[in-house]
Amino acid sequence: MKAVAIRPGQKNSVFMQEIEKPEVVPGQLLIRVLETGICGTDLEIINGDFGTAPSGADFLVLGHESFGRVEAVSPGLENSGWQPGDYVVCTVRRPCHDHDPNCDSGHSDMCLTGNYTERGIKDQHGFMTEFYSEYPDFAIKVPASYRPWGVLLEPTAVVEKAIYQSYKIQERLDFEPKRAVVLGAGPIGLLATFLLRDRGLETFTIAHSLGGPTNPKAVLTERVGATYLSSQEVEVEHLDKMLGNIDIIIEASGSSEIVFQGMAALGPNGVMSITGVEGGHNSLAIDANRLNHQLVMGNQVVFGSVNANRRYFEMGVESWGSLEKKWPGALSSMITRRLPIEDFQTAFGRDRNNIKTVLQIGAE
Ligand code: BGC
C-alpha cells in the first residue's frame, strides 16, 4: 500500500514508499485512513530538522493528524464499543516504558524521560498511508456528523490542552478572565480563537498578514466574533496599551521573537501558554529587567505546552458540538485545500492564504 515517507535528517527527501498492509493485530483496531492533515511539524521534518525513523527502518512514514474509519475489530474487542465503520482519530504520542508516573497514568504528553515515541514524528511510522493498526486506548471515536472536519481533532486537542492547563494553573487565584490574545492565525491560532470565543472571552488574534475580506484567516477570526489584527500595523509588545489588561495569551506564531514580545504585553496575574517552536538559533536583545519585573510584580505565569493525551481529544469532540452550533461551518472552512495523496509534493508547498491542507487517502 502507498505511504508518504522521508529519510530522517535529509532535506526534501519526501517520497512515495510502498509498504505492507498491516494484519488485524490481536487487541487492536485496523483503521482505513481517509485523510491526514499537514502541519508545520511535517514541514520541519521534511526540512530535515526533526523526525526519527522506527528502529531498523531507514525511512519514516509521515502524518500525525489523521481521520479514518475502523476497517476491522480484532477478536477479543467485540465488547469494546468499537464497530467496523466507526470514524476514528488516534492520538500521536505513545508512552515510554521507563516507569514514568505520567506515562504510566495515560499522560504521556507530560513524559518525564523523553523516551516517548510519536506516530509520524519520532520512532514510529505515521498515518500518511492507507491502513494502520492501533490499540483502542489511543483511539477516539468521532461522531459521523463531524466527518467534514474530523481531521482537525489532533490540532484541536493540542489547543484544548493549552487552554485547559491555563485555567488549571489559574486556580491559584480568583480568575475571571475577560480578554485573551492569540498570537498567530495558523490552524492552532484559529482553533485557539474559536475555543476562547466559545468561553465568552473578548479575543484578539494577531498574525503577520494584513486583514480584510481577501484574507481567509481574518474572515474566520471575525466570523467567531474575535478581532483580527496585523503585526504589520500593531506592536505586539505594546498590545496591552491598546487593548487594556490581557488575562490570557495563547502563543502559536512559531516565532521565538513573538514569544518575548507577547510576554511583555501580558497583564497582571495573567497566564501565557507557548505552543510553537522555531528551529535554528536566534539571539535577541530583550529588556530582561522589564520582563523580570513584570513577571514578579504581576504574579504572571508563562508556560509551554506540547502534544495532547486522549482526554484532550475527548474535550475537542465535546467543544466541536458547541462551536458548530454557534458558528456553523467555521470548523470545516479551516480546511482550505484537499489534495489526493499522489499530489503530496504540492500539498507540502507553502501558501500564505492557505489554512489547512489535507491529503485524501482512502475512499469510503
Ligand atoms: C504535534 C504534537 C507533537 C509535537 C512535537 C506537533 O506538531 O501536534 O502532537 O507532540 O508536534 O513532536
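The values are calculated or read from the model by the stated rules, or taken from the named source; none is laboratory data. Values in this document were obtained by computation on a predicted structure and should not be read as measured data. Positions of Cβ are generated from backbone atoms using ideal geometry, with glycine treated the same way; all protein chains shown enter the neighbour counts. Accessible surface is based on the protein model in full, side chains and every heavy atom, while ligands, DNA and RNA are left aside. Shrake-Rupley method; radii C 1.70, N 1.55, O 1.52, S 1.80 Å.
Details
- For G68, the stated conditions do not hold, so it cannot be described as assigned to a loop (DSSP other than H, G, I, E, B), of a type outside the set (S, T, Y) and away from the ligand (no atom under 14 Å from the Cβ).
- Qualifying position, being on the phi < 0 side of the Ramachandran plot, of a type in the set (V, I, T) and within 14 Å of the ligand (Cβ to nearest atom), among V159, V142: V159
- Residue list for the stretch 235-245, filter: part of a loop (DSSP other than H, G, I, E, B) and surrounded by fewer than 14 Cβ atoms within 10 Å (Cβ to Cβ): E235, G244
- Among the residues making up the stretch 37-50, those that are open to solvent by less than 20 Å² (accessible area, probe 1.4 Å) and within 12 Å of the ligand (Cβ to nearest atom) are G37, I38, D42, I45.
- Within the stretch 216-252, considering residues that are hydrophobic (A, V, I, L, M, F, W, C) and without any contact (Cβ under 8 Å) to a residue 12 or more places away in the chain, the one nearest to Y167 (Cα to Cα): M242
- Boolean, K325 is among the charged types (D, E, K, R), open to solvent by less than 50 Å² (accessible area, probe 1.4 Å) and modelled with pLDDT of 95 or more: no
- Total residues in the stretch 158-194, condition part of a helix (DSSP H, G or I) and open to solvent by less than 10 Å² (accessible area, probe 1.4 Å): 12
- Lone qualifier among E20, E71 - being open to solvent by 40 Å² or more (accessible area, probe 1.4 Å) and within 22 Å of S145 (Cα to Cα): E71
- Residue check for A53: at pLDDT 95 or above, within 16 Å of the ligand (Cβ to nearest atom) and open to solvent by 10 Å² or more (accessible area, probe 1.4 Å): yes
- Single match in A265, A288 (criterion: at pLDDT 95 or above and buried (at least 18 other Cβ atoms within 10 Å of the Cβ)): A265
- Selection from the stretch 81-95 of residues that are assigned to a loop (DSSP other than H, G, I, E, B) and surrounded by 14 or more Cβ atoms within 10 Å (Cβ to Cβ): W82, D86, T91, V92, P95
- For P213, the requirement of being out of contact with any helix residue (DSSP H, G or I) (no Cβ under 6 Å at 6 or more places or on another chain), away from the ligand (no atom under 16 Å from the Cβ) and open to solvent by 20 Å² or more (accessible area, probe 1.4 Å) is met.
- Within the stretch 37-67, the set of residues being among the small types (G, A, S) and touching a Gly at 6+ places or on another chain (Cβ under 7 Å) comprises G40, G48, G63.
- Exactly one residue among G200, G189, G184 is within 15 Å of the ligand (Cβ to nearest atom) and at positive phi, and that residue is G184.
- Residue within the stretch 328-338 that is among the basic types (K, R), in contact (Cβ under 8 Å) with a residue 40 or more places away in the chain and outside the structural domain of L183 (by TED's automatic domain parsing) present: yes
- For the residues D137, D98, D123, the requirement of being outside any loop (DSSP other than H, G, I, E, B) and away from the ligand (no atom under 15 Å from the Cβ) singles out D137.
- Only one of the numbered conditions (1) within 21 Å of the chain's Cα centre (by Cα); (2) free of Cβ contacts under 8 Å to residues at least 12 places away in the same chain; (3) under 18 Å from D351 (Cα atoms) is violated by G184, and that is (2).
- Answer residue from the stretch 98-152, given it is open to solvent by 20 Å² or more (accessible area, probe 1.4 Å) and aliphatic (A, V, I, L, M) and is nearest to N307 (Cα to Cα) among those: M110
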